[in-house]
Amino acid sequence: MFVFISQMPILETPRLILRPFREEDIDHLAELTANPDFMRFTLGPYTREQTQGVLDKFLSWDKAGLPSPFAVVLRENTEVLGYCGFLHHPEVPGEVEIGYRLDPAYWNRGLITEAARTVRDHAFEDLKLPRVISLIHPENIPSRRVAEKNGMKIEKEITFRGFPTLVFAMTREQWLAERGAG
Ligand SMILES: CC(C)(COP(=O)(O)OP(=O)(O)OC[C@H]1O[C@@H](n2cnc3c(N)ncnc32)[C@H](O)[C@@H]1OP(=O)(O)O)[C@@H](O)C(=O)NCCC(=O)NCCS
């Protein structure tokens, strides 16, 4: 039997482990995507089949050597609490998004800010990406706040999948300047 071994690293933050997704994460992920709060600012909760489609997409990017979302796991247990990492959209060619969703039971503890910073540093430091974006609905205040805390700035507003969407962006040059200043 062929066993896929991800090329993605395992990243660590003070409170979290960010690891590649695996086929067996489907149960945890389906539980999360059935929750309307976890799925805020999408078309709504997903069925298990739709969630399997999402997981398949994440794994296919990883298999193709594209940076993908990481499973967000607390250091103290192995439960998947969400995802944070790289998304690729045909509607915005040439761009790599840092996207994230977290179990609502864990909101407002700074966890995704912690994850997003580490993912951003990985993008510039290890993957040498020229820039990253985050696509955020203007009314999604927590997500906007995470992007701001991650050093990203609003570049423009676009329509993405029929919704008004702010493009937050950070270039490698801006990241280097911020790091130098810090
Ligand atoms: C966006 C999301 C991942 C943030 O996760 P999180 O771990 O709670 O984020 P953090 O705790 O790191 O930061 C949240 C920030 O938003 C702020 N915030 C949250 N709700 C707020 C509100 N109603 N008004 C103002 N600020 C708010 C928090 O105070 C915090 O900012 P602070 O550190 O300056 O106080 C989480 O809310 C989520 O999963 N939402 C549903 C999915 C989603 O919208 N994903 C993003 C799609 S673009």
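Here, each number is a calculation from the coordinates, and none is a lab measurement. Keep in mind that this is a model prediction, so the values were computed, not measured. Quick reminder, even Gly has a Cβ in these numbers, built from the backbone with ideal geometry, and neighbours come from all protein chains shown.
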Three-way shape call for the chain based on the alpha-carbon gyration tensor, with the a/c threshold at 1.5: rounded
Euclidean distance of C-alpha centroids, segment 32-87 and segment 88-104, integer Å: 11
Least to most buried among Glu76, Glu95 (fewest other Cβ within 10 Å first): Glu76, Glu95
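Let's test the formula: R0 of 30 Å, r as the Cβ-Cβ distance of Thr78 and Gln174. What FRET efficiency results, to the nearest 0.05? Could you put the intermediate results ahead of the total?
On the way: r = 35 Å, r/R0 = 1.18.
Efficiency for this residue pair is about 0.25.
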Charge dipole magnitude, Cβ of K and R +1, D and E -1 - segment 11-181, Cα centre, debye nearest 20: 480
Asp27 paired with Glu148, simple spin-label distance in nm, labels 7 Å along Cα-to-beta-carbon: 4.1
Prolate/oblate/rounded call for segment 65-114, Cα gyration tensor, a/c under 1.5 rounded: prolate
